[in-house]
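Q: This is the structure I want to talk about, given as structure tokens.
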Amino acid sequence: MVIPVPMYDTIIIGAGMSGLAAGIRLAYYDQRVCILERHTTIGGLNSFYRLRGRDYDVGLHALTNFTPKGTKKGPLARLLRQLKIPWDELQISPQLGSEVVFPGVRLRFDNDIDLLRSEIASEFPEQAENFDRLIEAIVEYDDLDQSHQEISARERVAEFINEPLLLEMLFCPLMFYGSAREHDMDWGQFSIMFRSIFLEGLGRPHAGVRLILKQLVRKFRGLGGELKLRAGVKKIVVENGQTTGVILENGEYLAGRRVLSSAGWHETMRLCDDGQPVTPRSSGRLTFCETIASLDIEPQELGHRSTITFFNDSDTFHWTVPSEPCDVRSGVICSPNNFDYAADSEKIGGTMRITALANFDYWQGLDEDTYRLEKLRWYDFITESAVRFVPDYRNRVLDTDMFTPTTIVRFTGHDSGAIYGAPEKQLDGRTHLPNLFVCGTDQGFVGIIGSILSGISMANQHCLRDY
């Protein structure tokens, strides 16, 4: 007896933000959609877990592209409209205010560009008009012009900003939150990240990333979508120049008219079983370690009100793979407490998170016992570096955790734990096969909002053309 193989309209590899968003968009059009996730939980690195009785977010520091309720334009409004999710279901609160700190200079910013503009006018008065001209150029940037990928952001920004220290301070947060390239960004990515962080701003649901993920899964399943956990893909089956489906790691075959992969460009190409050469691309190498500390006190009670602190301990910002296990010269300090939550919101417990560039090869090469000891050692080094720029909270710590580049590999599958994927993006999502597409980090959108929009965009462009 031959058991018929079910045919899906679209098979989606990966239950991260982009995969879930694409699934929802397609399910609205009655497509039969199956999302495959190799892990036991959803979200990839933008997920959550419970450890020793405490809840932890990973990945999410803040949502970029924040705009207030009722706003009709912008990425956040667009994704809510496309996924038919009411604003109130995400309960996003704006940041209290963030900062970029270099030796002798502290630039504050919030969700109103006028604060950053006034800070620059105060600290770099001769650059105030230049900064306004830079903003004008960024506002005029065309998202659809792929030639911007070939323009150096450092060279382009230097046409406006001729103070080296200010230039470094502007690049620091944008690179930490979205650059897969070492030393530089392309002008398009710089413009997108500048808009996302400085012109629109930062926000966060009080319940953290779990609320976003649960809403996406609830919406997807409510529309009839199928989500399979512990369903890693072993290969993408190719016949006569197109994919016909996938084979899972357990040997099961799933047939599909098209496949949309959020696994990453290189990772997706390796899954194809057609043996055809694919134009080589450089792999991403930039990855992080992150420490998480649970406190017995709210950070604001220690005098720390900054939502995000981007710090660097010299006049030059180095964005490259460190020779040491971690680069503690710079980093990102985030307190999930420091958003403008409603007065009646339940306390979420004091939390401080610190992110630093890391060396994948070092962490990958450790045996289990050494790995555990090195995590403890570098937790201390990273924290010691951060408390130069924020109140010292170390005597208020109740519990800690830390992830490394190998954690990123385990939960995302990205080569070398490259948090933002490969430097060269595939903006149209196309591959060498007419019915295989990529979405997510290697398509070109980063961050929570970017990932969700990537899934929506690729679903609209490639999977809904006949609808």
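Q: With all protein chains present, how much of the accessible area of segment 1-146 (probe radius 1.4 Å) comes from carbon and sulfur, to the nearest whole percent?
A: The nonpolar share, carbon plus sulfur, comes to 51 percent.
Q: Same structure, new question: For the chain, what is the number of Lys pairs with C-alpha distance below 17 angstrom, counting only pairs 8 or more positions apart or on separate chains?
A: Working: K69/K84; K72/K84; K73/K84; K84/K214; K84/K219; K214/K228; K219/K228.
Count of close lysine pairs: 7.
Q: Taking loop as defined by DSSP and a crowding limit of 12 other beta carbons within 10 Å, which GluC sites (Glu not before Pro) in segment 104-176 fit?
A: Sites meeting the loop and neighbour criteria: E140, E159.
Q: Measuring with a 1.4 Å probe in the full set of protein chains, what accessible area per residue, in whole Å², belongs to segment 395-454?
A: Per residue, segment 395-454 has 31 Å² of solvent-accessible surface.
Q: Here is a further query. To one decimal place, what orientation-averaged projected area in nm² is obtained for the convex hull of the Cα set of segment 1-132? Write down the numbers at each step before the final one.
A: Details: hull surface 57.3 nm².
If you wrap the Cα atoms of segment 1-132 in a convex hull and average its projections, you get 14.3 nm².
Q: Can I ask one more? Hey, what's segment 201-323 come to in accessible area per residue, 1.4 Å probe, Å²?
A: Working: 5110 Å² over 123 residues.
It amounts to 42 Å² per residue over segment 201-323.
Q: Once you have a ≥ b ≥ c as the square roots of the Cα gyration tensor eigenvalues for segment 234-371, tell me rounded if a/c is under 1.5, and otherwise prolate or oblate according to whether a/b is larger than b/c.
A: prolate
Q: Ignoring ligands, DNA and RNA, what percent of the 1.4 Å accessible area of segment 365-467 is carbon and sulfur?
A: C and S fraction of accessible area: 50 percent.
Q: Calculate the length of the line joining the C-alpha centroid of segment 164-242 to that of segment 403-467, in whole Å.
A: 8 Å
Q: Rounded to the nearest 0.05, what FRET efficiency do V139 and H206 have when you use their Cβ-Cβ distance and R0 = 35 Å? Please report the intermediate quantities before stating the final value.
A: Working: r = 31 Å, r/R0 = 0.90.
For V139 and H206, the calculated efficiency is 0.65.
Q: Residue separation times 0.36 nm, minus the C-alpha to C-alpha distance between N395 and E155: what's the value?
A: Taking 0.36 nm per residue and subtracting the Cα distance, the gain is 82.0 nm.
Q: Continuing with this model, one more query. Could you give the length gained by full extension between V387 and T370, i.e. 0.36 nm per residue of separation minus their alpha carbon distance, to one decimal place?
A: 3.5 nm
Q: Give me the orientation-averaged projected area of the Cα convex hull of segment 204-280, in nm², one decimal.
A: For segment 204-280, the mean projected area of the Cα convex hull comes to 7.3 nm².
Q: Tilt of helix 164-176 relative to the longest C-alpha principal axis of the chain, in degrees (0 to 90, nearest 10)?
A: Tilt of helix 164-176: around 40 degrees.
Q: Output needed: percent of Cα pairs per 10 Å distance bin for segment 395-465, bins running from 0 to the one holding the longest distance.
A: Result, from short to long distances: 18, 39, 26, 11, 5, 1 percent.
Q: Using alpha carbons only, how many angstrom separate the centre of segment 336-357 from the centre of segment 70-94?
A: When both Cα centres are located, 21 Å separates them.
Q: Quick check: the angle from helix 368-386's long axis to the longest principal axis of the chain, C-alpha only, nearest 10 degrees?
A: Tilt relative to the chain: about 40 degrees.
Q: Ranked from the most accessible area to the least, with a 1.4 Å probe and all protein chains present, what is the order of V328, V259?
A: Working: V328 45, V259 0 Å².
Largest accessible area first, the list is V328, V259.
Q: With both bridge residues required to lie in the chain, what share of the DSSP beta bridges run antiparallel, to the nearest 5%?
A: Taking every DSSP beta bridge within the chain, about 70 percent pair in antiparallel fashion.
Q: Sticking with this one: Output the relative contact order of the chain, whole-number percent, from Cα pairs under 8 angstrom with separation of 6+ residues.
A: 24 percent
Q: To continue, here is another question. In deg cm²/dmol, rounded to 500, what helix-only [θ] at 222 nm does the chain give when every DSSP H run of at least 4 residues adds -39500 (n - 2.57) and the total is split over its residues?
A: The per-residue figure over the chain is -8500 deg cm²/dmol.
Q: Using Cα pairs closer than 8 Å and at least 6 residues apart in sequence, work out the relative contact order for segment 341-467, in percent.
A: After rounding, I find 15 percent.
Q: What shape does segment 365-430 take by its C-alpha gyration tensor, where a ≥ b ≥ c are the square roots of the eigenvalues and a/c under 1.5 counts as rounded, a/b above b/c as prolate, and the rest as oblate?
A: oblate
Q: How large, in percent, is the carbon and sulfur part of the accessible surface of segment 233-288 at a probe radius of 1.4 Å?
A: 44 percent
Q: Which of the three applies to segment 338-467, rounded, prolate or oblate, going by the alpha-carbon gyration tensor with a ≥ b ≥ c and a/c under 1.5 meaning rounded?
A: Cα axes put segment 338-467 in the oblate bin.
Q: Which value, in Å², gives the accessible area per residue of segment 1-121 when a 1.4 Å probe is used on the protein heavy atoms?
A: For segment 1-121, the solvent-accessible area averages 43 Å² per residue.
Q: Please compute the length gained on full extension between K234 and E252, using 0.36 nm multiplied by the number of residues separating them and subtracting their Cα-Cα distance.
A: Result: 5.5 nm gained on full extension.
Q: Please compute the contact order of segment 252-343 in relative form: average sequence separation of alpha-carbon pairs under 8 Å and at least six residues apart, divided by the residue count, as a percent.
A: The value is 27 percent.
The values are calculated or read from the model by the stated rules, or taken from the named source; none is laboratory data. These numbers were taken from a predicted model, which means no experiment stands behind them. Quick reminder, even Gly has a Cβ in these numbers, built from the backbone with ideal geometry, and neighbours come from all protein chains shown. Surface accessibility is based on the protein's heavy atoms, side chains included, excluding ligands, DNA and RNA. Shrake-Rupley method; radii C 1.70, N 1.55, O 1.52, S 1.80 Å.
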